[in-house]
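Engineer: Submitted below is the structure of interest, expressed as structure tokens.
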Amino acid sequence: MNATIRRIVRYGNPVLRRKAKLVTQITPELQRLCADLKATMLAAEGLGLAANQIAEELRVFAIDPRCADVDAEPYCLLNPELVATEGLVEREEGCLSLPGIYDIVPRPEMVRIRALNEQGQPVEIEATGLLARAFLHELDHLNGILFIDSLGQMKRSLMEAKLKQIEATETQS
Ligand code: ZN
């Protein structure tokens, strides 16, 4: 399928703050969205990419397991739900919608996710480490949450200038 590399929206775009809607049907448009998400994620060298990051308000995200040394092709999950988590690890995190901003975020070490695959079949996936982190980060996106939201006031105020800069360029484009 021909895929288009889409523009990734940045911090300041209201679409990143809205809760994405459930996918109700596997249509050619949805398959197109999945292809675009994967292509855009790969072009941006991201671990994952949520649909609202390309201004599509559906509960879909793409994941590239190879970035976490898991030997599998990139894929999309639809309507993902968190089933279980275990442990806690702190690790530096970034986001394609927040270029140049990184910080330490605590996340569970292991996650189990229930979702539909691109064909609409139910799947359950267990992941650890960086891949688990990517799942949780993308799941947050679908709920309008960004990784900087959990940082303390001190850290937030230190990055305020950078955030304002990203916001200014986003609202101009
Ligand atoms: Zn992100």
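The values are calculated or read from the model by the stated rules, or taken from the named source; none is laboratory data. Only a predicted model underlies this, so the values are computations on that prediction, with no experimental measurement involved. All Cβ positions, even for glycine, are placed from backbone atoms using ideal geometry, and neighbour counts span all protein chains on display. Heads up: the accessible areas ignore ligands, DNA and RNA and are worked out on the full protein's heavy atoms, side chains in. Shrake-Rupley method; radii C 1.70, N 1.55, O 1.52, S 1.80 Å.
Engineer: Can you give the FRET efficiency for Glu57 and Glu92, using 1/(1 + (r/R0)^6), R0 = 41 Å, r = Cβ-Cβ distance, to the nearest 0.05?
Structural biologist: Once the sixth-power term is evaluated, E becomes 0.90.
Engineer: Moving on to the next point. So what is the relative contact order for the chain, in percent, with contacts set as C-alpha pairs under 8 Å and at least six apart?
Structural biologist: Across the chain, relative contact order equals 25 percent.
Engineer: Net charge around Asp36, counting only other residues with Cβ within less than 14 Å of its Cβ (Lys, Arg = +1; Asp, Glu = -1)?
Structural biologist: In short, +1.
Engineer: With a point put 7 Å past each Cα toward its Cβ, work out how far Val123 is from Arg7 in nm, to one decimal.
Structural biologist: 3.1 nm
Engineer: Between Lys155 and Arg66, how many nm apart are label points set 7 Å from Cα along the C-beta direction?
Structural biologist: The modelled label-to-label distance comes out at 3.1 nm.
Engineer: Could you pull out the GluC sites (Glu not before Pro) across region 10-61 that fall in loop regions by DSSP (anything but H, G, I, E, B) with no more than 15 other Cβ atoms inside 10 Å?
Structural biologist: Values: sites: Glu29, Glu45, Glu56, Glu57; in loops: Glu45, Glu56, Glu57.
When the GluC sites (Glu not before Pro) of region 10-61 are filtered for loop state and at most 15 Cβ neighbours within 10 Å, Glu45, Glu57 remain.
Engineer: Ok, one more. What is the distance, in nm, between label points placed 7 Å from the Cα along the Cα-to-Cβ direction at Ile26 and at Lys164?
Structural biologist: With each label point 7 Å from Cα toward Cβ, the separation is 4.9 nm.
Engineer: How much mean residue ellipticity at 222 nm does the chain get from its helices, if each DSSP H run of length 4 or more adds -39500 (n - 2.57) and you divide by all residues, to the nearest 500 deg cm²/dmol?
Structural biologist: Theoretical 222 nm ellipticity from helices: -9000 deg cm²/dmol.
Engineer: Right, something else. Ignoring ligands, DNA and RNA, what accessible area per residue does the chain give at 1.4 Å, in Å²?
Structural biologist: Result: 52 Å² of accessible area for each residue.
Engineer: Within region 1-116, what whole-number % of the accessible surface is contributed by carbon and sulfur, with the 1.4 Å probe and all protein chains included in the calculation?
Structural biologist: 48 percent
Engineer: Then there is this: Show the residues, 5+ positions off or on another chain, whose built amide H is closer than 5 Å to the amide H of Asp103.
Structural biologist: Glu93
Engineer: Provide, for q = 0.17 Å⁻¹, the log10 of I(q)/I(0) from a solvent-free Debye sum over equal Cα point scatterers in region 51-173.
Structural biologist: -0.94
Engineer: Run through region 60-131 and list the chymotrypsin sites (Phe, Trp or Tyr not before Pro) located in a DSSP loop whose Cβ has at most 15 other Cβ atoms within 10 Å. Write out the running numbers ahead of the final one.
Structural biologist: Working: sites: Phe61, Tyr75, Tyr102; in loops: Tyr102.
Counting only loop positions with at most 15 other Cβ atoms within 10 Å, the chymotrypsin sites (Phe, Trp or Tyr not before Pro) in region 60-131 are Tyr102.
Engineer: When the convex hull of the C-alpha atoms of region 1-80 is computed, what volume per residue in Å³ does it have?
Structural biologist: Details: hull volume 7.5 nm³, N = 80.
Given the Cα convex hull of region 1-80, per-residue volume reads 94 Å³.
Engineer: Right, here's the next one. Tell me, for the chain, which Cys residues have no other cysteine's C-beta sitting closer than 4.7 Å.
Structural biologist: Cysteines lacking a close Cβ partner in the chain: Cys67, Cys95.
Engineer: Collect residues whose amide H, placed 1.01 Å from N in the peptide plane, falls under 5 Å from the amide H of Val89; neighbours closer than 5 in sequence don't count.
Structural biologist: When sequence neighbours closer than 5 places are left aside, the close amide H contacts are Arg107, Glu109.
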